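Asks: Before we start, here is the structure in question, set down as C-alpha cells.
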Amino acid sequence: MSLVYERAEILGCRLDVIDMAGALQVVQDAVGSREPSQIITLNAEMVYRAQHDRRLIDLYSKARLVTPDGIGVVWALRRAGWQIAGRVTGIGLTLRILDMAREKNWRIFLLGGEPGIAEQAARKLAASDKPLTVVGVHHGYFHDQESPRIIEQVRAARPDVLLVGLGAPRQDIWIANHLQALGVPVCIGVGGTLDVLAGKAKRAPRVWRRLGLEWLYRLVNEPSRIKRQMALPKFAWLVLTKIRPAGKRSRPPRQKSYR
C-alpha cells in the first residue's frame, strides 16, 4: 500500500507534512527498494538561508523527503493552515533510524565530524546493549577533490544508511551532488548528531526538547552560535509578513506517494 502524505511550501521551500512514523516508513521503503534517496531535515535557519541561495530551494524540491526540523517551521506550517502534529528533528529521526537498523540488521556508514569523532561514535554504537553494524567511517574535514575517494570507500562498504555530518547546507549539497554515485538507499544530513553519538556533545534535556528549545540549549552551551541564530528572528519576520494566517486545510492541494 502506498504511503500518502501532504507536501507544503514555506517561503519557497518544500516541506513534507509528515510525522515520525511516516518518515520512518519512507526510510524503510527506500532501503527496501535500494533506490538512492536523500532525506533532509529542514529548520528555520536553512529556510532563511535559501532566500539568498536559490539552488537550495531546488535541492529541497528534489529530495525524497523533507521533514520539519524545528519549532519555527512547524509554526510557519500551522500559520499557513497545515495540520501537523509536530517536528521530525534530525537527531530524533537519526536515533529512530538507528533503532530500526538494529532490528533489521541494516548497515550504517558514518561520515562527518572532526577526525576521530566518527570512529568514537562507531565504537559506542558497537558497544551498546543492541550493537549496530557500522561498516565504515570517515571524518568530515576533507576537500571537494577528495570526494571521489570517499565515494568509493562508501560504495565498497555497501551501507543501507549513510549519515553525513558536515553541517548545513554543505552536507545536503554534498549528498545531492553525489547521490547516484554513492548508491546508498538512505542518505541523510545529520549535522552535529555524530558528536552526540560519540559522547562529545550532549543532547538537550527532554524538557527543552518538549518545548522546542533545543536551539536555545545549544546557544547557551555554544555561545559562538549566536551569529547563526540571528537568522531566527529574520525568519520569523518573513513568516509574519509573507504568510497570511489561514484556516485548517481540509484537503491537501498536492499529494505524494511512495510504493
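Asks: Confirm whether G72 is under 16 Å from G191 (Cβ atoms) and in contact with a Ser or Thr (Cβ under 6 Å, 6 or more places away or on another chain).
Replies: Spelling it out, it is not the case that G72 is under 16 Å from G191 (Cβ atoms) and in contact with a Ser or Thr (Cβ under 6 Å, 6 or more places away or on another chain).
Asks: Where residues in the range 180-197 are aliphatic (A, V, I, L, M) and surrounded by 22 or more Cβ atoms within 10 Å (Cβ to Cβ), which of them is nearest to R158 (Cα to Cα)?
Replies: Going through the qualifying residues, I end up with V184.
Asks: Does any residue of the range 85-96 turn out to be modelled with pLDDT of 95 or more and over 14 Å from the mean Cα position of the chain (by Cα)?
Replies: No, the conditions are met nowhere in the range 85-96.
Asks: Considering only helices (runs of 4 or more DSSP H) fully contained in the range 85-166, which possess at least 3 residues that are basic (K, R)?
Replies: So the answer is 90-104.
Asks: Can you give me the number of residues within the range 167-192 that are part of a helix (DSSP H, G or I) and not acidic (D, E)?
Replies: Of the residues in that region, 12 qualify.
Asks: Does D195 satisfy the criteria of being in contact with a strand residue (DSSP E or B) (Cβ under 6 Å, 6 or more places away or on another chain) and of a type outside the set (V, I, T)?
Replies: Against the criterion (in contact with a strand residue (DSSP E or B) (Cβ under 6 Å, 6 or more places away or on another chain) and of a type outside the set (V, I, T)), D195 does not qualify.
Asks: Then there's this: Go through the residues of the range 130-145 one by one and say whether even a single one is surrounded by fewer than 19 Cβ atoms within 10 Å (Cβ to Cβ) and β-branched (V, I, T).
Replies: Within the range 130-145 (the criterion being surrounded by fewer than 19 Cβ atoms within 10 Å (Cβ to Cβ) and β-branched (V, I, T)), the answer is yes, since at least one residue qualifies.
Asks: Go through R87, R49, R55, R64 for me and flag whichever is among the basic types (K, R), in contact with a helix residue (DSSP H, G or I) (Cβ under 6 Å, 6 or more places away or on another chain) and either crowded, with 21+ Cβ neighbours inside 10 Å or under 17 Å from R170 (Cβ atoms) (or both).
Replies: The match here is R87.
Asks: Among the numbered criteria (1) without any contact (Cβ under 8 Å) to a residue 12 or more places away in the chain; (2) buried (at least 24 other Cβ atoms within 10 Å of the Cβ), which one does R170 miss?
Replies: R170 satisfies all of (1) without any contact (Cβ under 8 Å) to a residue 12 or more places away in the chain; (2) buried (at least 24 other Cβ atoms within 10 Å of the Cβ) except (2).
The values are calculated or read from the model by the stated rules, or taken from the named source; none is laboratory data. Because the structure is a prediction, the values reported are computed rather than measured. Ideal geometry is used to build each Cβ from the backbone, glycine not excepted, and the neighbour counts take in all protein chains shown.
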